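Notes for the one structure printed next.
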Amino acid sequence: MKRILSLAAGIVLILAACSGPNQQGSGAKEEQAKKMSEQVMNTHDEAMKFSSLVLKLKRRINDKIDSLNETNGRDRYQKVSSQLYAADQEMMNWMRNYKEPNMSSDTALAYLQSEYQKILKVKSLTDTSIENAKKLLNEK
């Protein structure tokens, strides 16, 4: 009986030792995932601030296309209109597909890092399309 108790106590100590640092490691991973989630959402929010401007510029560009007779001038406007449309669609696609992960999941940080790269591309496309539209419309 003493032997069984000693063996049980040993197993409990081994399990406690093995799970202690691992639990701390998962807490650190969870904290990293939370920080990355904040970065993802901050970048999303920054890009979303310009969504109404994207739509406004697209409407103005399309009005200009309708008023132009020559094909040559229309091509430049149509290209910028397509960029604005793509920026809007990419944001909508990202928002539709993004799912907040369980922060304690082993895959949460990798998923969030991937989503961060995606939303950075959306933000870059948004910024570039706005800049090109403003140049074309001679705005600052």
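The stretch between residue 69 and residue 53, if pulled fully straight at 0.36 nm per residue, gains 3.1 nm over its current Cα-Cα span. Can you list the GluC sites (Glu not before Pro) in region 53-140 that are in a DSSP coil and have 13 or fewer other beta carbons within 10 angstrom? Within region 53-140, the qualifying GluC sites (Glu not before Pro) (loop, at most 13 other Cβ atoms within 10 Å) are 70, 139. The residues 125, 68, when put in order of fewest to most other Cβ atoms within 10 Å, stand as 68, 125. In terms of distances greater than 22 angstrom between alpha carbons, the cross-link table entries 34/99; 35/99; 56/118; 29/49 yield 56/118; 29/49. From most to least packed by mean Cβ count within 10 Å, the peptides 76-88, 28-40, 99-111 give 76-88, 28-40, 99-111.
Computed about the Cα centre, the dipole magnitude for region 30-136 is approximately 560 debye when only Lys and Arg (+1) and Asp and Glu (-1) carry charge, each at its Cβ.
Computed from phi, the 3J(HN,Hα) profile of region 37-45 under the Karplus parametrisation 6.51, -1.76, 1.60 (θ = phi - 60°) reads 4, 4, 4, 4, 5, 5, 5, 4, 4 Hz, with x in place of Gly and Pro.
Since every read-out is calculated from the coordinates, none of them should be taken as a lab result. Note that the coordinates shown come from a computational prediction; the quantities given were computed from them, not determined experimentally. Virtual Cβ from ideal backbone geometry, glycine too; neighbours counted across all protein chains shown.
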